[in-house]
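The values are calculated or read from the model by the stated rules, or taken from the named source; none is laboratory data. This structure is a prediction, so every number in the text was calculated from the model and none was measured. With ideal geometry, Cβ positions are generated from the backbone for all residues, glycine too; neighbour counts draw on all protein chains shown. SASA here: full protein model, heavy atoms, side chains in, ligands and nucleic acids out. Shrake-Rupley method; radii C 1.70, N 1.55, O 1.52, S 1.80 Å.
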Amino acid sequence: MSTLKVSTFLKKLFSLLSVVRGYNILVLIAAQYLAAIFIFSDQKSVKPVLFDWHLLYLVIATICVVASGYIINNFYDKDADKINRPIKSGLDSYVKQETKLSLYFALNFIGFCFGYLVSWRAGFFFAIYIFGIWFYSHKLKKHPFVGLISVTILTILPFFVVFVHYKNFSKVIFVHAIFLFLIILIRELIKNLENIKGAILNNYNTFPVKYGEKNTKKLILLLMFLTLVPIGVLFNYPAIEYMKYYFYLAAITLVFIGFYTWKATKTKQYVLLHNILKILLLIGVFSLLFIDKSLILDKVVIALD
């Protein structure tokens, strides 16, 4: 294979990984398995969770439909991305739109099939989820409140499917879900501030476009204040163990973000805030390892026996 062909192949590969947000997909896989092991499953060993074929099928189905969601979102946002993310837009252009759409339909079909292998209900869930992502990308994202709420729900739903699989309906999980919902809502509002130029030029009626930057910042501060409620509730659960330090970190980070958001006026400042929240969510995923020290030790020891 010639150097030119290798170079072209690598460009298309990185372009495709950029379109489907390969980094986010890897984090999603880690989040689903860690949540399954340390939150949702009541198994005393890691092994039954790792070798749970239905869980594997659900994770594969989730990966496929989320990746396809990024593709269709990229398709509808190509003009806005040229303004908001020119470097990423240039990288994404190495793969033809026809190829992206073909991959979109293929991934959706594979995702539905793996969901259906678990049960017809799981297949139905993924069919609705696929439609929801398309409808958001095509219509809902252009409306301030509906778009904001719908993208937050769509982001958190992959955890819901694992939650239902294990039928673990404890209160602490619902409180944690509220915390995640609020953090993702804040991140989406900051992302809207970051992308306001592209939204205006492409007639996207996002929250900052309709209500202005100042009102958007006020809503962000309100949501940050509300986030302290689930954090306070979670502190009352002994099982969170060392994860409480993550919530300390989250509270401090949110205070910093609140002050910085109020003063921010430039796109690069919003990009920084958006990235800080992404890192905070990433740390939150891996902090699941510290929920209950005895639980972790028991599961690892039993798995090694």
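Odds and ends about this structure:
- Number of positions in segment 263-282 that are open to solvent by 60 Å² or more (accessible area, probe 1.4 Å), over 21 Å from the mean Cα position of the chain (by Cα) and of a type outside the set (S, T, N, Q): 3
- Against the test of being in contact with a His (Cβ under 9 Å, 6 or more places away or on another chain), at pLDDT below 90 and of a type in the set (A, V, I, L, M), the options 30, 36, 80 yield a single qualifying residue, 36.
- Within segment 137-152, considering residues that are open to solvent by 40 Å² or more (accessible area, probe 1.4 Å) and either closer than 26 Å to residue 232 by Cα or among the β-branched types (Val, Ile, Thr) (or both), the one modelled with the highest pLDDT: 149
- Within segment 166-186, the only residue that satisfies the criterion of being open to solvent by 40 Å² or more (accessible area, probe 1.4 Å) and either touching a Leu at 6+ places or on another chain (Cβ under 6 Å) or on the phi > 0 side of the Ramachandran plot (or both) is 167.
- Residue 208 vs. criteria at pLDDT 85 or above, assigned to a helix (DSSP H, G or I) and within 17 Å of residue 171 (Cα to Cα): no
- Number of residues in segment 70-123 that are within 30 Å of residue 274 (Cα to Cα) and small (Gly, Ala, Ser): the value is 5.
- Breaking point among (1) within 30 Å of residue 53 (Cα to Cα); (2) open to solvent by 70 Å² or more (accessible area, probe 1.4 Å), for residue 225: (1)
- Given (1) in a helix (DSSP H, G or I); (2) open to solvent by 10 Å² or more (accessible area, probe 1.4 Å); (3) at pLDDT below 85, number of the condition residue 198 does not satisfy: (2)
- Taking first residues from segment 179-195 that are over 17 Å from residue 143 (Cβ atoms) and charged (D, E, K, R) and partners that are modelled with pLDDT under 90 and outside any helix (DSSP H, G or I), no Cβ contact under 7 Å between residues at least 6 apart in sequence or on separate chains turns up.
- Taken over segment 228-257, residues that are assigned to a helix (DSSP H, G or I) and open to solvent by 60 Å² or more (accessible area, probe 1.4 Å) amount to 12.
- Options 260, 211; residue that is farther than 25 Å from residue 284 by Cα and either open to solvent by 10 Å² or more (accessible area, probe 1.4 Å) or among the hydroxyl-bearing types (Ser, Thr, Tyr) (or both): 211
- Count of segment 153-165 residues which are over 17 Å from residue 27 (Cβ atoms), among the β-branched types (Val, Ile, Thr) and surrounded by 16 or more Cβ atoms within 10 Å (Cβ to Cβ): 0
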